[in-house]
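A quick write-up on the structure given underneath.
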């Protein structure tokens, strides 16, 4: 059994225990497999700003890795919510990069979790004129600072 198929069974069982009826599709993406949830209870699955969806994804991957230690990470999305959030974040980062380049000031991104910080760093790394940094530590949410690269 593939990791994505096992993850789908884990997710289906979790949602079933919560009393949520949903259709789950396995989708292949550039980052690996994604379990796309379709349900009339999408607000209950997504939670506030995707917090519950993050928790579900975390639990699915923890259970998956316990059963398949070398399984690749599986993304969990609900009616393309996460995809839309990622697109919005990428645009927000590009807009901040433009501000940094035109105004020469350092700008800080809103607090992001590790997954979204990685996405933001990828967008920032694509532009050679700017640099990024975030504070050290184990905080769940951190702000990235975007500034002009020093020559």
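The values are calculated or read from the model by the stated rules, or taken from the named source; none is laboratory data. Computed from a predicted structure; not experimentally measured. Quick reminder, even Gly has a Cβ in these numbers, built from the backbone with ideal geometry, and neighbours come from all protein chains shown.
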Practice problem: Go through the residues of segment 85-104 one by one and say whether even a single one is under 30 Å from residue 25 (Cα atoms), in contact with a strand residue (DSSP E or B) (Cβ under 7 Å, 6 or more places away or on another chain) and either without any contact (Cβ under 8 Å) to a residue 40 or more places away in the chain or not assigned by TED's automatic domain parsing to the domain that holds residue 37 (or both). | Solution: no
Quiz item: Of everything in segment 107-123 that's in contact with a strand residue (DSSP E or B) (Cβ under 7 Å, 6 or more places away or on another chain) and assigned to a helix (DSSP H, G or I), which residue is nearest to residue 96 (Cα to Cα)?
Solution: 120
Quiz prompt | Filtered residues of segment 40-68 (kept if assigned to a loop (DSSP other than H, G, I, E, B) and free of Cβ contacts under 8 Å to residues at least 40 places away in the same chain) | solution = 40, 41, 47
Quiz item: Hey, any hits in segment 124-137 for a residue that's free of Cβ contacts under 8 Å to residues at least 40 places away in the same chain, in a helix (DSSP H, G or I) and not assigned by TED's automatic domain parsing to the domain that holds residue 14?
Solution: yes
Practice problem: Output the residues belonging to segment 16-38 that are surrounded by 16 or more Cβ atoms within 10 Å (Cβ to Cβ), free of Cβ contacts under 8 Å to residues at least 40 places away in the same chain and within 20 Å of the chain's Cα centre (by Cα). | Solution: 24
Exercise. Identify the residue in segment 72-84 that is in contact (Cβ under 8 Å) with a residue 24 or more places away in the chain and outside any strand (DSSP E or B) and, among all such residues, is farthest from residue 121 (Cα to Cα).
Key: 79
